[in-house]
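Here's the structure, in structure tokens; my notes come after.
FYI, it's all coordinate maths here, none of it is from the lab. Since we're looking at a predicted model, the values are computed, not measured. Cβ: placed from backbone, ideal geometry, glycine included. Neighbour counts: every protein chain shown.
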Amino acid sequence: MMLRLACLAVLLLLTCGAQAQPQPGPGTQRAQVQADDGQPLVVWSRLPARPRGTLLLVHGRTWSALPNFDLQVAGEPADKRSVLAALAQAGYAVYALDLRGYGGTARDGSGWNTPVRAMADVRATLTWIAKRHPGLPPPALLGYSNGARVALLLAQAQPELLSTLVLYGFPDDVDTAPQAAAVPAQPPRERTTAEAAGSDFITANAAPAAVQKAYVAAALAADPVRTDWRAMEQFAYQPEQVTRVPVLLLRGVDDPLATQAENAHLFARLGSADRSWVTLPRADHVAHVEDSHAAWVDAVVAFLRRPR
């Protein structure tokens with residue numbers, strides 16, 4: 001009897017997991033990259049017929065690739081707010097990684113993610129992309145929020161792996177040294193909530209209500225359990241080391257996580273002479289899916305295409 005109940009429980013979990021994944025947009029492809037420790041990493045992509053370049057997107061702390069970079073909104077044309085679709089239309093082979101414990105990528109045996117582990121997984125994905133497109137320059141790397149933290153670490157350590165760096169919604173003050181924080185012995189695996197999924201939509205009239213509703217639904221479907229991180233003190237920033245890679249700093253004007261004052265510290269300390277800073281009006285921490293979506297895409301594409 002107990003064995004039967006256990007089997008039913010496993011079946012229920014598998015069924016819920018299968019139902020949980022949000023539907024990707026038309027033309028979005030799913031692939032797997034093998035990390036250096038053998039862990040399979042899920043990557044979503046849109047590929048134009050003749051790409052002019054490649055780009056890897058890395059999501060933030062709580063929500064994975066599809067809610068952020070391939071959002072589909074009922075009542076709107078398909079792909080209207082999809083970052084993957086817009087960047088592919090601009091001519092880029094664009095990829096979005098699900099880090100460990102997010103979206104289609106399982107946690108590893110430890111149950112935790114760390115900055116160094118995430119950096120290694122981004123490194124593996126950049127290498128995989130470069131091998132898929134041998135005739136093109138190294139991929140550009142765009143990190144969003146927590147993904148921007150990881151992207152900056154990688155640009156500091158191995159700038160040769162990327163051609164351009166975009167730090168979007170960077171949430172830290174680089175002038176404040178990271179501190180080790182106590183973590184429980186086991187990952188808490190807390191359930192995510194609709195309130196948390198909608199909490200970044202703070203700018204009035206920045207998008208129709210249907211956009212927030214779609215984002216919340218996609219986020220909860222993709223990431224019903226909050227991924228657990230530890231060793232956050234590994235986010236040790238040395239922006240002065242980023243000297244050879246062009247850097248775009250991008251934020252929404254009302255973003256309470258990526259503030260003007262703290263981003264100014266980062267911009268001032270970046271070692272690259274080729275750097276720009278764009279602040280989008282009437283936008284916040286989810287500027288990429290709000291009505292600022294087109295301006296967000298334009299800022300990224302214009303920087304990638306800037307003559308160098």
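Counting Lys and Arg as +1 and Asp and Glu as -1, what is the net charge of the other residues whose Cβ lies under 13 Å from the Cβ of Val278? Show your work: numbers first, answer last.
Working: positive: Arg251, Arg275, Arg306; negative: Asp255, Asp298.
Net local charge, Val278 excluded: +1.
Only Lys, Arg, Asp and Glu count, each charged at its Cβ (+1, +1, -1, -1), so figure out the dipole size of the chain about its Cα centre, rounded to 20 debye. Mind showing how you got there, number by number?
On the way: 28 positive and 27 negative charges, 182 e Å.
The dipole of the chain has a size of about 880 debye.
For an R0 of 45 angstrom, estimate the FRET efficiency from the Cβ-Cβ distance between Val253 and Asp108 and round to the nearest 0.05. Write down the numbers at each step before the final one.
Details: r = 38 Å, r/R0 = 0.84.
E(calc), rounded to 0.05, equals 0.75.
Give the long-range amide H neighbours of Leu280: residues separated by 5 or more places, or on another chain, with amide H under 5 Å away, using H modelled in the peptide plane at 1.01 Å from N.
Long-range HN contacts for Leu280: Arg251, Gly252, Val253.
What is the fewest-to-most order of His133, His59, His293 by other Cβ atoms lying within 10 Å of their Cβ? Intermediate values should be presented prior to the final figure.
On the way: His133 15, His59 26, His293 22.
Exposure proxy ranking, most exposed first: His133, His293, His59.
Please report the net charge: other residues with Cβ closer than 11 Å to the Cβ of Pro178, K and R +1, D and E -1.
Net of charged neighbours comes to -2.
Based on Cα positions only, what radius of gyration and what Dmax would you give for the chain, in angstroms?
For the chain, the Cα radius of gyration and maximum Cα-Cα distance read 18.8, 69 Å.
Grab the DSSP H runs of the chain that are 4 residues or longer, score each as -39,500 (n - 2.57), total them, divide by all residues and round the 222 nm result to the nearest 500 deg cm²/dmol.
Details: 9 runs with 102 residues, N = 308.
It comes out at -10000 deg cm²/dmol, rounded to the nearest 500.
Could you work out which residue, out of Pro115, Pro208, Pro138, moves most in a Gaussian network model of the chain, that is, has the largest mean-square fluctuation with Cα springs under 10 Å?
Of Pro115, Pro208, Pro138, the most mobile in the Gaussian network model is Pro208.
Considering the chain as a Gaussian network with a 10 Å cut-off on Cα pairs, which listed residue, Pro40, Pro77, Pro26, attains the greatest mean-square fluctuation?
Among Pro40, Pro77, Pro26, the largest mean-square fluctuation in the Gaussian network model of the chain belongs to Pro77.
Run the quick spin-label model on Arg244 and Ala182: label points 7 Å from Cα toward the beta carbon, then report their separation in nm to one decimal.
4.5
Within the set of other residues whose C-beta is less than 14 Å from the C-beta of Arg191, count the net charge using Lys and Arg as +1 and Asp and Glu as -1.
Details: positive: Arg189, Arg226; negative: Glu190, Glu195, Asp223, Asp228.
Net charge in that neighbourhood comes out at -2.
For Thr193 and Arg308 in the same chain, what is the full-extension length gain: residue separation times 0.36 nm, less their Cα-Cα distance, in nm?
Values: separation 115, 0.36 × 115 = 41.40 nm, distance 4.45 nm.
My answer for the length gained is 36.9 nm.
Scan the chain and note any complete DSSP helix (H) whose C-alpha atoms cover at least 15 Å along its axis and whose Kyte-Doolittle average is 1.0 or more.
On the way: long enough: 2-20 (27 Å, 1.88); 115-132 (26 Å, 0.06); 146-157 (17 Å, 0.91); 209-222 (20 Å, 1.28); 293-305 (18 Å, 1.10).
The answer, listed by residue number, is 2-20, 209-222, 293-305.
Can you tell me the FRET efficiency between Gln29 and Asp291 if r is taken as the Cβ-Cβ distance and R0 is 30 Å, rounded to the nearest 0.05?
Working: r = 28 Å, r/R0 = 0.92.
The calculated FRET efficiency here is 0.60.
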